[in-house]
C-alpha cells in the first residue's frame with residue numbers, strides 16, 4: 001500500500017545516460033528531455049555554470065577557467081561529482097511539474113553492457129545522491145531491443161547493435177537475457193576524432209569536435225561510393241532521421257571545411273568530400289564490423305537460425321551513418337535494418353520497463369549485492 005502511495009507522490013523516470021547525449025523518459029508522459037551530456041564548470045570556484053544544451057553551446061567558447069566537459073567517457077563515469085550534478089539537474093527539471101516532491105522517484109538507467117561492478121555502483125550512488133528513491137540498471141542493448149519492439153522474453157534470438165557516442169554495444173538476446181554481449185569503445189566520438197586527425201594529416205587543418213560531427217552527419221559515409229547509385233533509395237528511406245537530408249533529394253557529397261592551417265597559423269577553407277570521410281573513418285568502422293562478425297561466430301546455431309531470418313537491428317545515433325547498414329549486411333550476409341527512431345531507442349526501452357516493472361523485472365541487471373544495507 002505504501003509503495004502505491006509513493007508511486008502517486010513521485011514521478012518515476014528512465015534515463016539513457018549517454019556519453020554524448022542524455023534522454024529522460026517520464027512514466028506516463030514519454031521522453032521529455034533530450035540534451036547533450038555536457039557540464040560547464042568554473043574551475044576557480046567549482047561552481048556548475050550550465051548543463052545540457054546550454055553547456056554544449058559553451059564548448060570551445062569559454063575563458064580558460066571555465067571548462068565545458070563531459071562527465072562520462074566511453075559510457076562510464078569519469079567525474080562522479082559532476083555526473084551527480086547532471087543527474088540532479090535532470091531529476092529536478094522533471095519534478096518541477098509535481099505539486100508534492102517529498103519523495104524521490106524510482107529511476108531506471110541504461111548503461112553499457114561491459115561495465116564493471118564498481119562502475120555500476122558509481123551510477124547507482126550518483127543517482128541516489130541526486131535524489132532517486134530506488135535505482136535500477138539495464139544494459140543499453142537490452143533497452144534498445146525493447147525500444148525496437150522486439151520480443152526479448154521469448155525463446156528466440158535477436159541481434160541488436162547499439163552505436164552511441166562512446167560505445168558500440170553488440171548483443172544476442174533471448175529469454176530476457178544477453179546470451180552474448182560485446183562492448184566496443186569505438187563509436188560516434190571516435191569517428192569524430194578520426195575526421196579531426198584526417199584533416200590534420202591530409203590537409204594540415206585544425207578543426208574542432210563540433211565541426212567534425214557536422215561533417216560526419218552531413219556527408220559521412222561507410223560504404224564505397226561506386227555502389228551508392230544502386231543502394232541509394234534504400235539508404236535514403238532508412239535514414240529519414242538524419243539531419244541535412246530531405247526526402248527525394250540527393251545528399252551532399254562535399255562540404256566546405258574551415259579551420260586553422262597548422263603550417264601558417266592562419267584561417268583556411270578547404271572542400272572535403274564524402275570519399276574523404278569514408279577514408280577517415282574506415283579503420284574504426286571495420287573494427288565495429290569485426291566485433292559484429294565475432295559475435296555471430298559465437299552465437300549458438302539455433303539462435304543464429306532465428307537471426308538469419310529476422311536480421312540484425314541497428315540502434316543509436318551512429319546507426320544513421322550513410323551506408324553502414326548496407327556494409328554490415330554485405331559483410332555478414334545477414335539482412336540489416338535501422339530501427340525506427342534509433343536515437344531514442346534506449347530511452348524508450350528503459351521507459352517501457354518503467355511502465356511494466358513487474359512483468360519486465362527480469363531484464364534488469366541483478367545488483368542486489370550493490371544495494372546499501374537496510
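The values are calculated or read from the model by the stated rules, or taken from the named source; none is laboratory data. None of the values given here were measured: they were computed from a predicted structure. Counting neighbours? That spans all protein chains shown, and the Cβs are built from the backbone with ideal geometry, glycine included.
Going residue by residue through segment 143-159, is there one that turns out to be over 20 Å from residue 21 (Cα atoms) and not in a loop (DSSP other than H, G, I, E, B)?
Looking only at segment 143-159, we keep the residues that are over 20 Å from residue 21 (Cα atoms), and these are 149-159.
With not in a loop (DSSP other than H, G, I, E, B) added as a condition, the list becomes 158-159.
Yes: segment 143-159 contains one or more residues that are over 20 Å from residue 21 (Cα atoms) and not in a loop (DSSP other than H, G, I, E, B).
Of all residues in segment 57-82, exactly one satisfies the criterion of being under 21 Å from the mean Cα position of the chain (by Cα), surrounded by fewer than 18 Cβ atoms within 10 Å (Cβ to Cβ), in contact (Cβ under 8 Å) with a residue 60 or more places away in the chain and assigned to a loop (DSSP other than H, G, I, E, B), namely 59. Go through (1) in contact with a helix residue (DSSP H, G or I) (Cβ under 8 Å, 6 or more places away or on another chain); (2) more than 19 Å from residue 346 (Cα to Cα) one by one and return the number of the condition residue 108 breaks. Residue 108 satisfies every listed condition except (2). Condition (residue is within 29 Å of residue 295 (Cα to Cα), modelled with pLDDT under 90 and more than 19 Å from the chain's Cα centre (by Cα)) applied to segment 83-98: is it met by at least one residue? Scanning segment 83-98 turns up no residue that is within 29 Å of residue 295 (Cα to Cα), modelled with pLDDT under 90 and more than 19 Å from the chain's Cα centre (by Cα).
Scanning segment 99-116 for residues that are at pLDDT below 80 and crowded, with 16+ Cβ neighbours inside 10 Å, which turns out farthest from residue 133 (Cα to Cα)?
Start the filter on segment 99-116 by keeping residues that are at pLDDT below 80, which leaves 99-103, 114.
With crowded, with 16+ Cβ neighbours inside 10 Å added as a condition, the list becomes 101, 103, 114.
Working: 101: 12, 103: 7, 114: 25 Å.
Among them, the one singled out is 114.
In this structure, is residue 166 touching a strand residue (DSSP E or B) at 6+ places or on another chain (Cβ under 7 Å) and buried (at least 18 other Cβ atoms within 10 Å of the Cβ)? Steps first, please.
Working: touching a strand residue (DSSP E or B) at 6+ places or on another chain (Cβ under 7 Å): yes; buried (at least 18 other Cβ atoms within 10 Å of the Cβ): yes.
When the stated conditions are applied, residue 166 passes them.
Can you find a residue in segment 126-141 that is farther than 15 Å from residue 14 by Cβ, modelled with pLDDT of 85 or more and buried (at least 20 other Cβ atoms within 10 Å of the Cβ)? Yes: one or more hits.
The residues of segment 361-374 that are part of a loop (DSSP other than H, G, I, E, B), modelled with pLDDT under 90 and under 21 Å from residue 151 (Cβ atoms) amount to a single one, 365. The listed residues are 150, 175, 146, 184, and the only one of them that is out of contact with any strand residue (DSSP E or B) (no Cβ under 9 Å at 6 or more places or on another chain) and either under 30 Å from residue 324 (Cα atoms) or not assigned by TED's automatic domain parsing to the domain that holds residue 27 (or both) turns out to be 175. For segment 42-56, the criterion of being surrounded by 16 or more Cβ atoms within 10 Å (Cβ to Cβ), assigned by TED's automatic domain parsing to the domain that holds residue 356 and within 30 Å of residue 304 (Cβ to Cβ) is met by none of the residues.
If only residues of segment 274-314 that are surrounded by 15 or more Cβ atoms within 10 Å (Cβ to Cβ) and outside any helix (DSSP H, G or I) are counted, the one that is nearest to the chain's Cα centre (by Cα) is 314. In this structure, is residue 179 surrounded by fewer than 18 Cβ atoms within 10 Å (Cβ to Cβ) and assigned to a strand (DSSP E or B)? So residue 179 passes the test.
Which one is surrounded by the most Cβ atoms within 10 Å (Cβ to Cβ) among residues in segment 324-358 that are part of a loop (DSSP other than H, G, I, E, B) and touching a helix residue (DSSP H, G or I) at 6+ places or on another chain (Cβ under 8 Å)? Walk me through how you get there before you give the answer.
Narrowing segment 324-358 to residues part of a loop (DSSP other than H, G, I, E, B): 333-335, 339-341, 356-358.
Subset that is touching a helix residue (DSSP H, G or I) at 6+ places or on another chain (Cβ under 8 Å): 334-335, 339, 341.
Details: 334: 19, 335: 14, 339: 21, 341: 15.
Ranking the qualifying residues of segment 324-358, first place goes to 339.
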